[in-house]
Amino acid sequence: MDALKQELKENLIEQLNLEDMSPEDIANDDMLFGDGLGLDSIDALELIVMLDKNYGIKLTDPKEGRAIFESINTMAAYISEHRTK
Amino acid sequence: MKNVYINSVGSISAQKTFDNTEFLNEITEYNDNVIFAVNPVYKDYIPPAAARRMAKGIKMGIVTSKIALKEANINQVDAIITGTGMGCVRDSEKFVSAIIDNDEQYLTPTPFIQSTHNTVGGQIALELNCKGYNFTYVHSSISFESAVMDALLQLQLDEAKHILVGGVDELGDHTTKIHKIINHIKPEAITPTNLLKSKTEGAVFGEGANFFVLSNEKSNTSYAEIVSVKTYNTLKQEALKQQAIAFLKEHDLSTNDLDLLILGNNGDVNFDAYYHTLSETFSKTPQAYYKHLSGEFNTASSFGFWLASKVIKTQSLPEIVRLNGLQTSQYKTVLLYNQYRGENHSFTLLRQC
Amino acid sequence: MGKGVAITGMGIISAIGNNVAENYQSLINAQKGISRVKKINTNHVNDIMVGEIAFTNTEMEQQLQLPKTNNYSRTALLGALAAKEAFKNARIKDVNQYKTGLISATSVGGMDMTEKYFYDYLENPETQKYIEGHHAGDSTQKIAEQLGIKESLVTTISTACSSAANAIMLGARLIKAGKLDRVVVGGSDCLSKFTINGFKTLMILSDTYSTPFDDNRKGLNLGEAAAFLVLESDKVVEAENKPVLAYVKGYGNANDAFHQTASSDHGDGATLAMEQALKVAGYAPSDIDYINAHGTATGNNDLSEGRAIIRVFGNHVPDFSSTKAYTGHTLAAAGAIEAVYSVLALQNNIIYPNLNFKTQMKEFNITPQLTLKEKELKTVLSNSLGFGGNCSTVIFSKEQ
């Protein structure tokens with residue numbers, strides 16, 4: 001699980017061009033959207049593609065993403081349960 | 001009808017033009033057929049969180065807008081009008097190639113969103129929180145002139161006081177590659193001073209952004225008055241002289257009244273003849289050119305507009321842009337003419353204010 | 001000022017008809033033009049529905065009598081057909097008799113050819129003629145040539161889904177200011193893999209018929225279309241004794257300044273655009289008889305637009321409907337398509353049904369017009385809202 005979380009942080013930085021950040025700057029329970037990391041609805045769409053590409057998870061409704069992408073913890077939990085690759 | 005003034009400028013080009021205190025003090029030499037913009041430090045103008053997804057065209061547009069607003073001493077405008085021939089073309093290339101390469105899978109929204117032509121104008125509005133009129137013109141070499149025409153219409157009729165107007169285009173690798181194939185880009189590498197001596201087809205491609213605050217109130221930052229701008233979808237070479245004279249006459253001017261003619265020569269043997277025609281028509285007038293400094297792109301004429309503004313404000317003409325040896329003691333009335341590949345011609349008339 | 005801007009000709013091609021008459025018949029017979037995509041080879045064929053025009057490119061090239069060597073994109077072909085119908089409808093014989101301009105709108109431009117030959121361009125000389133046709137101004141140049149417009153004001157606007165509404169707005173302003181006597185305004189956009197995949201990444205495409213203003217709406221159907229209107233000054237109308245179809249009475253453009261693609265929750269930009277258009281027209285909200293809404297059937301648009309309509313019209317929201325369920329969302333052309341539909345509504349005193357609606361939205365209590373309604377109409381307000389926060393409103397009227 002810790003390896004997955006580390007991987008997610010690295011992918012997040014890479015995918016979303018969070019240039020000035022390193023994985024250590026993101027705590028597992030940091031809010032990714034809103035007041036936390038400040039991600040927005042376009043980032044959410046980018047993350048949906050990441051779920052599909054890296055873990056074989058297809059979301060059809062962007063609203064589903066809201067709970068899943070709350071934090072690194074919630075993402076890791078969802079991925080480990082639903083991943084197909 | 002109100003007079004309209006250029007109250008400030010902001011420029012990013014293949015020369016170091018983002019610093020308004022300078023005027024082509026040092027020239028960035030090249031020996032190439034594609035030249036890129038000299039970048040400012042974008043982070044000084046755009047917070048990293050906002051900049052992280054931005055295409056180069058958006059960054060250039062936002063920074064030059066901010067430079068122009070600052071110089072005009074205003075923090076809001078009534079309207080934003082943008083000209084761009086190709087929009088953020090790198091993102092368009094990225095999205096098309098991803099569709100093909102990944103067989104329509106795993107595509108992300110950002111390159112699609114930024115491919116929308118009004119993405120620069122929309123992002124400037126977001127940055128400024130400007131809810132006013134927001135148009136984007138995308139008509140090849142008159143994209144910028146269409147934007148100026150629209151602004152003039154509103155400012156002359158006093159429907160707006162301050163309008164941010166600009167032209168922006170960026171270079172994309174694939175677009176460059178295919179334009180080399182069809183000889184729109186010169187086959188040979190060339191230096192700025194040799195551009196017009198070139199005997200080949202095509203131009204040196206460039207990129208850049210030039211934004212201006214146009215107002216119907218003169219201020220202590222004003223550069224010049226915009227008298228008129230006129231565009232033509234087609235124009236035969238034979239008709240050019242007559243159209244130029246007719247355009248001046250509409251403003252009670254004759255060929256002898258011009259202090260400077262600024263031409264868009266790009267060194268293409270097939271199309272520079274248009275400019276030669278006007279050079280002959282105005283053979284007694286000092287003449288200047290600029291695409292050897294900026295490169296050719298759909299909104300390169302916005303760099304010409306920047307040049308004209310600087311010349312009128314500083315009352316000086318840098319040696320590097322002189323097209324003939326004629327001198328004058330003052331730069332009061334300046335005419336710009338541009339076309340690309342024989343289509344989409346424009347005249348722009350500026351006056352000292 | 002205070003000069004009239006007369007509409008004296010219209011032309012259109014869309015998924016529900018190849019000309020004005022066919023479009024009108026489909027509208028009043030509730031015949032939608034939405035189906036699975038046939039002409040574009042996409043993996044998403046079963047995930048989306050589109051408003052596709054039946055003609056192949058070759059068929060349109062033949063109609064326009066173009067040489068084999070032509071480099072028309074589908075956008076240019078559609079645009080040329082619609083613009084020529086508008087010219088014919090306006091009975092223009094000598095284009096040079098009056099100062100005539102063209103303002104077109106497109107978002108796709110020549111992308112259909114670019115995406116087809118992207119890598120071929122590097123190797124296959126036969127495809128390279130399309131390279132020059134990519135940029136958005138190219139289709140406009142070709143339409144001008146088809147109409148015989150020379151040495152004149154010809155330009156292109158691209159503000160995403162509000163583009164053609166903005167072309168109409170600019171044309172009206174140029175006539176009012178006396179810069180042109182006559183101007184052809186409108187827009188053209190063909191379907192492309194680029195837009196299909198682009199809207200797919202935004203997850204706002206419906207996999208079935210779109211349902212504007214329905215609580216269970218799933219997103220939009222893309223469409224392709226072109227439409228043009230001929231606008232003429234009082235001077236031309238008088239001199240030529242022209243029949244006037246309707247007038248462009250008001251217009252407004254504003255920016256939401258909220259998000260790159262989404263509309264603000266309460267439709268700030270749309271509210272401003274409608275208010276501005278009413279002001280230009282000199283109308284009170286109660287003067288509007290019918291709203292042809294943008295109504296794309298995305299979750300975001302219909303909520304935001306509906307709230308904006310309520311903000312402007314309060315408790316007296318006039319009859320409104322979206323015609324997107326007929327044609328699909330035709331992007332940059334949409335404002336012109338719906339301008340033609342607005343004029344037809346005025347001419348025939350008809351309000352079109354908002355198709356596919358079943359369930360009332362929870363957030364407000366306004367309901368679109370669901371059946372064909374005959375009613376004396378004096379004015380129609382048409383909204384077009386786009387990416388980049390771009391919001392536009394045009395008001396058409398019978399009276400000058």
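The values are calculated or read from the model by the stated rules, or taken from the named source; none is laboratory data. Please read all numbers here as calculations on a predicted model, not as lab measurements. Note that each Cβ is placed from the backbone with ideal geometry, even for glycine, and that neighbours are counted across all protein chains shown.
Let's see how each residue does on (1) part of a strand (DSSP E or B); (2) assigned by TED's automatic domain parsing to the domain that holds residue C:109:
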residue: C:187; (1), (2): yes, yes
residue: C:203; (1), (2): no, yes
residue: C:208; (1), (2): no, yes
residue: C:213; (1), (2): no, yes
residue: C:231; (1), (2): yes, yes
residue: C:253; (1), (2): yes, no
residue: C:260; (1), (2): no, no
residue: C:272; (1), (2): no, no
residue: C:275; (1), (2): no, no
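Scan the helices (runs of 4 or more DSSP H) fully inside the stretch C:289-400 and keep the ones with 3 or more residues being within 14 Å of another protein chain (Cβ to nearest Cβ).
Numbers: elements: C:299-313, C:324-327, C:334-348.
Result: C:299-313.
Name the one entry in B:307, B:253, B:293, B:317 that is under 20 Å from the mean Cα position of the chain (by Cα) and in a loop (DSSP other than H, G, I, E, B).
Values: B:307 fails: in a loop (DSSP other than H, G, I, E, B); B:253 fails: under 20 Å from the mean Cα position of the chain (by Cα); B:293 fails: in a loop (DSSP other than H, G, I, E, B).
Residue meeting the stated conditions: B:317.
If I ask for residues that are surrounded by fewer than 24 Cβ atoms within 10 Å (Cβ to Cβ) and more than 8 Å from chain C (Cβ to nearest Cβ), which ones from the stretch B:133-153 would you list?
Within the stretch B:133-153, B:152 is the sole residue that qualifies.
Hey, can you tell me all the residues within the stretch C:12-27 that are of a type in the set (A, V, I, L, M, F, W, C) and outside any loop (DSSP other than H, G, I, E, B)?
Those that are of a type in the set (A, V, I, L, M, F, W, C) and outside any loop (DSSP other than H, G, I, E, B): C:12, C:13, C:20, C:21, C:27.
Pick out the one residue from C:279, C:235, C:249 that is farther than 29 Å from residue C:52 by Cβ, modelled with pLDDT of 95 or more and within 12 Å of another protein chain (Cβ to nearest Cβ).
Selected residue: C:279, the only one of C:279, C:235, C:249 that is farther than 29 Å from residue C:52 by Cβ, modelled with pLDDT of 95 or more and within 12 Å of another protein chain (Cβ to nearest Cβ).
In the stretch C:223-258, what residues are under 30 Å from residue C:37 (Cα atoms) and out of contact with any Leu (no Cβ under 6 Å at 6 or more places or on another chain)?
Of everything in the stretch C:223-258, those that are under 30 Å from residue C:37 (Cα atoms) and out of contact with any Leu (no Cβ under 6 Å at 6 or more places or on another chain) turn out to be C:223, C:225, C:227, C:228, C:229.
Residue under question is residue C:207, and the condition is that it be acidic (Asp, Glu), within 13 Å of another protein chain (Cβ to nearest Cβ) and closer than 21 Å to residue C:55 by Cβ; does it hold?
On the way: acidic (Asp, Glu): yes; within 13 Å of another protein chain (Cβ to nearest Cβ): yes; closer than 21 Å to residue C:55 by Cβ: no.
No; evaluated as a whole, the condition is false for this residue.
Report, by residue number, each residue of the stretch C:220-235 that is over 16 Å from the mean Cα position of the chain (by Cα) and buried (at least 24 other Cβ atoms within 10 Å of the Cβ).
C:232
Within the stretch B:97-122, which residues are in contact (Cβ under 8 Å) with a residue 40 or more places away in the chain, within 7 Å of another protein chain (Cβ to nearest Cβ) and not small (Gly, Ala, Ser)?
B:110, B:119, listed by residue number.
Quick one: would you say residue C:91 is in contact (Cβ under 8 Å) with a residue 40 or more places away in the chain, charged (D, E, K, R), buried (at least 23 other Cβ atoms within 10 Å of the Cβ) and under 27 Å from residue C:183 (Cβ atoms)?
no
Name the residue that is surrounded by the most Cβ atoms within 10 Å (Cβ to Cβ), counting only residues in the stretch B:6-32 that are among the hydroxyl-bearing types (Ser, Thr, Tyr) and either modelled with pLDDT under 95 or outside any loop (DSSP other than H, G, I, E, B) (or both).
My answer is B:11.
Is the stretch B:263-278 home to any residue that is part of a helix (DSSP H, G or I) and out of contact with any helix residue (DSSP H, G or I) (no Cβ under 8 Å at 6 or more places or on another chain)?
yes
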